[in-house]
Amino acid sequence: MSTRTVHTVHPSPLGDLLLTGSVAPAGFTLASLSMPGQRGAPAVRAQDRDDGPFAEAHRQLDAYFAGRLSRFDLPSATTGTPSQRAVWHALEDIPYGTTTTYGELAARLGVPRAELRAVGRILGANPLLLVRPCHRVIGADGSMRGYAGGVERKLWLLTHEGALQPALV
């Protein structure tokens with residue numbers, strides 16, 4: 001059996017999330033999770049949709065949006081440079097319900113302040129939104145800065161996790 005690339009869609013409060021992954025003899029690995037309208041989201045073919053391999057991802061996403069899951073545990077296989085992998089791995093250490101700044105993240109990784117923008121670009125290229133919680137990284141002044149899924153979704157996620165108080169309108 002060869003490796004197959006498959007996808008599914010997961011309905012969420014943020015819109016339909018697109019998940020892609022690979023099915024191989026060794027099992028299933030998640031390759032990406034993207035949001036509607038996200039720049040750089042993978043292109044998929046309708047005939048490659050297969051919901052079956054994503055059962056655990058669906059279960060964990062449902063639990064996350066219901067407030068019952070604070071950390072994802074899904075097999076993933078994403079490629080990237082050593083710098084990208086280091087930044088993406090560091091995201092997994094940002095606790096649910098908290099935020100960190102770009103500067104704090106860079107300092108933890110030993111990245112010089114002059115290269116802070118590179119950290120931001122790497123976060124913007126994160127193929128596993130939500131699973132690798134790049135939405136928990138904010139500006140030093142508390143601003144939301146960018147988010148590949150859109151700043152309004154970043155605000156929603158941080159409010160959902162309790163890192164921000166709901167806005168009174």
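Net charge within 12 Å of residue 78 by Cβ-Cβ distance, Lys/Arg positive one each and Asp/Glu negative one each, not counting residue 78 itself?
In short, +2.
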Calculate the spin-label point distance for residue 62 paired with residue 92, positioning each point 7 Å from the Cα along the beta-carbon direction, and give it in nanometres.
2.5 nm
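Pulled fully out, how much extra length does the chain show between residue 16 and residue 47, if you take 0.36 nm times their separation in residues and subtract their Cα-Cα distance?
Net length gain for the segment: 9.4 nm.
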Is it possible to state the helix-based mean residue ellipticity at 222 nm for the chain, with each DSSP H run of 4+ residues giving -39500 (n - 2.57), the sum divided by total residues, to the nearest 500 deg cm²/dmol? What is it?
-8000 deg cm²/dmol
Using a 1.4 angstrom probe on the protein heavy atoms only, could you order 73, 48 from most to least accessible area?
73, 48
Tell me, in nm to one decimal, what length is gained between residue 83 and residue 71 on full extension, where the rule is 0.36 nm per residue of separation less the Cα-Cα distance?
2.0 nm
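Within a Cβ distance under 15 Å of residue 115, other residues only, what is the Lys/Arg minus Asp/Glu net charge?
The answer is +3.
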Could you grab the relative contact order for the chain? Cα pairs under 8 Å, six or more apart, rounded to a whole percent.
20 percent
What full-extension length gain, to one decimal in nm, is calculated for residue 125 and residue 5 as 0.36 nm per residue of separation minus the Cα-Cα distance?
41.2 nm
Can you pull the semi-axes for the stretch 90-141, root of five times each eigenvalue of the Cα gyration tensor, sorted largest first, whole Å?
17, 13, 9
In degrees between 0 and 90, to the nearest 10, how far off the longest principal axis of the chain does helix 55-65 point, with axes built from Cα atoms?
30 degrees
How large, in percent, is the carbon and sulfur part of the accessible surface of the chain at a probe radius of 1.4 Å?
54 percent
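The values are calculated or read from the model by the stated rules, or taken from the named source; none is laboratory data. As the structure is a computational prediction, the values presented were derived from the model and not from experiment. Cβ sites come from the backbone with ideal geometry, for glycine too, and all protein chains shown count toward neighbours. Remember, those area values only see protein heavy atoms, side chains included, never the ligands or the DNA or RNA. Shrake-Rupley method; radii C 1.70, N 1.55, O 1.52, S 1.80 Å.
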